[in-house]
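**Student:** Quick one: this structure, given as structure tokens, is what I'll be asking you about.
The values are calculated or read from the model by the stated rules, or taken from the named source; none is laboratory data. In this text, all values refer to a predicted model and were calculated from it rather than measured experimentally. All Cβ positions, even for glycine, are placed from backbone atoms using ideal geometry, and neighbour counts span all protein chains on display.
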Amino acid sequence: MALFLSTFVNRVDKKGRVSVPATFRAALAAQSFAGIIAYRSFTASCIEGCGMDFMERLSDGAQTFDAFSAEQENLSALIFADARQLPWDPEGRIVLPEDILAHAGITESVAFVGKGLTFQIWEPESYKTVEAEIRARALQSRPTLPLRPKGAS
């Protein structure tokens, strides 16, 4: 399973090409698809990104809903129907489609934000604002994270 860490800011060229951080490419090297899966976030003005393995896990999870139920239909439309397979070129770049760029308000540069098993792609200044809000909420609520014993699922 791929693991995405850190935040990287890269420029977007006029054709919508952007270099995927080398550590993200390395995390995805063993995947069946040589690139990233991206879709418009339905919770924020950013792009959700992951590898094919995570999409397969999402698909498995969607099967827990009744076939043709509103929940299953909504998730299918919001995630799977919107998802794009974006292969990288020999230089490690992907082309971000215009509608995805517009959704995230991206014009000149992007912030690749590691989220563990997934990552997000933000307009850098927008992410700075969101990150400050997240940190302020965390200072107030002091969240905890239970650690499972190694090998436990």
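**Student:** Restrict the check to the stretch 24-44 and report whether at least one residue is of a type in the set (D, E, K, R), more than 15 Å from the chain's Cα centre (by Cα) and surrounded by fewer than 18 Cβ atoms within 10 Å (Cβ to Cβ). Reasoning before the result, please.
**Tutor:** First, pick out the residues of the stretch 24-44 that are of a type in the set (D, E, K, R): 25, 40.
Next, only the ones that are more than 15 Å from the chain's Cα centre (by Cα) stay: none.
There is no residue in the stretch 24-44 that is of a type in the set (D, E, K, R), more than 15 Å from the chain's Cα centre (by Cα) and surrounded by fewer than 18 Cβ atoms within 10 Å (Cβ to Cβ).
**Student:** Now a separate question. It is to be established whether one or more residues within the stretch 42-56 are in contact with a Lys or Arg (Cβ under 6 Å, 6 or more places away or on another chain), among the small types (Gly, Ala, Ser) and at pLDDT 95 or above. Spell out the reasoning first.
**Tutor:** Keep residues of the stretch 42-56 that are in contact with a Lys or Arg (Cβ under 6 Å, 6 or more places away or on another chain), which gives none.
No; the residues of the stretch 42-56 include none that is in contact with a Lys or Arg (Cβ under 6 Å, 6 or more places away or on another chain), among the small types (Gly, Ala, Ser) and at pLDDT 95 or above.
**Student:** Further, regarding this structure: Contact list please: Cβ distance under 9 Å, first residue in the stretch 116-141 and within 20 Å of Leu3 (Cα to Cα), second residue assigned to a helix (DSSP H, G or I) and of a type in the set (Lys, Arg), pairs at least six apart or on different chains.
**Tutor:** Listed pairs, sorted by first residue: Leu117/Arg57; Trp122/Lys128.
**Student:** Return the only residue of Glu71, Glu98, Glu123 being touching a Gly at 6+ places or on another chain (Cβ under 8 Å), over 19 Å from Pro21 (Cβ atoms) and among the acidic types (Asp, Glu).
**Tutor:** On the way: Glu71 fails: touching a Gly at 6+ places or on another chain (Cβ under 8 Å); Glu123 fails: over 19 Å from Pro21 (Cβ atoms).
None of the others qualify; the one that does is Glu98.
Residue-wise test of (1) touching a residue at least 60 places away in the same chain (Cβ under 8 Å); (2) touching a strand residue (DSSP E or B) at 6+ places or on another chain (Cβ under 6 Å); (3) of a type outside the set (S, T, N, Q).
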{"residue": "Lys14", "(1), (2), (3)": "no, no, yes"}
{"residue": "Arg40", "(1), (2), (3)": "yes, no, yes"}
{"residue": "Glu48", "(1), (2), (3)": "yes, yes, yes"}
{"residue": "Glu56", "(1), (2), (3)": "no, no, yes"}
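**Student:** If the requirement is being touching a helix residue (DSSP H, G or I) at 6+ places or on another chain (Cβ under 9 Å), of a type outside the set (D, E, K, R) and free of Cβ contacts under 8 Å to residues at least 40 places away in the same chain, which of these qualifies: Gln31, Gln85? Full working, then the answer.
**Tutor:** Details: Gln85 fails: free of Cβ contacts under 8 Å to residues at least 40 places away in the same chain.
Residue meeting the stated conditions: Gln31.
**Student:** Inspect the stretch 103-116 for any residue being among the charged types (D, E, K, R) and within 11 Å of Val20 (Cα to Cα) and give the result as yes or no. Quick ask: steps written out before the conclusion?
**Tutor:** Of all residues in the stretch 103-116, those among the charged types (D, E, K, R) come to 108, 115.
Pick out the ones that are also within 11 Å of Val20 (Cα to Cα) and you get none.
No: the stretch 103-116 contains no residue that is among the charged types (D, E, K, R) and within 11 Å of Val20 (Cα to Cα).
**Student:** Separate question: Any idea how many residues of the stretch 16-28 are in contact (Cβ under 8 Å) with a residue 60 or more places away in the chain and assigned to a helix (DSSP H, G or I)?
**Tutor:** First, pick out the residues of the stretch 16-28 that are in contact (Cβ under 8 Å) with a residue 60 or more places away in the chain: 16-22, 24-25.
Retained after the next criterion (residues that are assigned to a helix (DSSP H, G or I)): 22, 24-25.
Residues meeting the conditions: 3.
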